[in-house]
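Below is one structure, written out as structure tokens; comments come after it.
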Amino acid sequence: MKNTNPSHTSIFWLLIVSIATVCTTAWADEFVEEFDEGYHYHRISPALSVQVDAGHVEVLELFWYGCPHCYVFEEYLTEWERGKADHVKLVRMPAVMNRNWVPQARAYFALQEMGEAERVHALFYEAIHVQGRRLRDMKSISRFLGQHGIDAGAFEKAYRSSSVSEQIQHSRQFARDSGASSVPTVIVNGKYRSTAGDAGSYDLLLQLMDHLVQQETNSSRSAN
């Protein structure tokens, strides 16, 4: 028999929607909890030093400006950074896994010393991957930066500085100690390493980052 009572029909569909919502939420929660150490992410032992105070969590990205995957991930990471908690600090570190990566890594560290790294970070990616510019040495990078208001003399002085050389060495050693072999690689609180390939996608990598950040946050709170 056909149900002609509209109130019964409305209740029926309300129940269906409620059940679907509960199932979807439960599935999402379960999915987030399925990240497995040794598969989706890897423990770093011994843990690496971090640049945050106690009670805070560091999320560090190893990147290279010339990497197309880093360029794609940058949009995801920037969006994630906007919504992160205040006690979470995002740190970007240019990787030096190849000698051809050195000029752009030196440029980033020099710009960081000048207080300009954040302002031109996205512009650097755009110049290489959208405009097709070959920023592979100090002079070509200096000309590019001059178009964005960076003083060439100050930049080249910072680029050649001993402090930038020290940071290049630190980046090399950091990558070795972390076990990273590609970029972009994300390292959470100096303890866990993952990539989009490990996690399954860029979206899943962000979910994993949140999962590990929460894990570290809970661990810190329980210790106190």
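Coordinate-derived values only; no laboratory data. Predicted model, so just to flag it, every value in this text is computed and none were measured. Ideal geometry is used to build each Cβ from the backbone, glycine not excepted, and the neighbour counts take in all protein chains shown.
Here is how the numbers come out for the structure above:
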| read-out | value |
| --- | --- |
| Chain lengthening between SER181 and SER163 when straightened (0.36 nm per residue, less Cα-Cα) | 4.0 nm |
| Segment ASP53-VAL91, extension gain: residue separation times 0.36 nm, minus the distance between their alpha carbons | 12.3 nm |
| Proxy reagent accessibility, fewest Cβ within 10 Å first, across LYS84, LYS139, LYS191 | LYS139, LYS84, LYS191 |
| Table column - 3J(HN,Hα) (Hz), the stretch 83-94, Karplus curve with 6.51, -1.76, 1.60, x for Gly and Pro | x, 6, 6, 5, 7, 9, 10, 8, 10, 9, 10, x |
| Ranking of TYR41, TYR202 by count of other Cβ atoms within 10 Å, fewest first | TYR202, TYR41 |
| Label point distance in nm, GLU118-ARG43, each placed 7 Å from Cα along Cα→Cβ | 3.5 |
| Within the stretch 44-223, percent of DSSP bridges classed antiparallel, to nearest 5 | 50 |
| Cross-link partners of LYS139 among aspartates and glutamates (Cα-Cα below 15 Å; sequence separation of 8 or more within a chain) | ASP151, GLU156 |
| Amide H partners (placed H, <5 Å) of LYS89, local residues excluded | VAL57, GLU58, VAL59 |
| Prolate/oblate/rounded call for the stretch 44-223, Cα gyration tensor, a/c under 1.5 rounded | prolate |
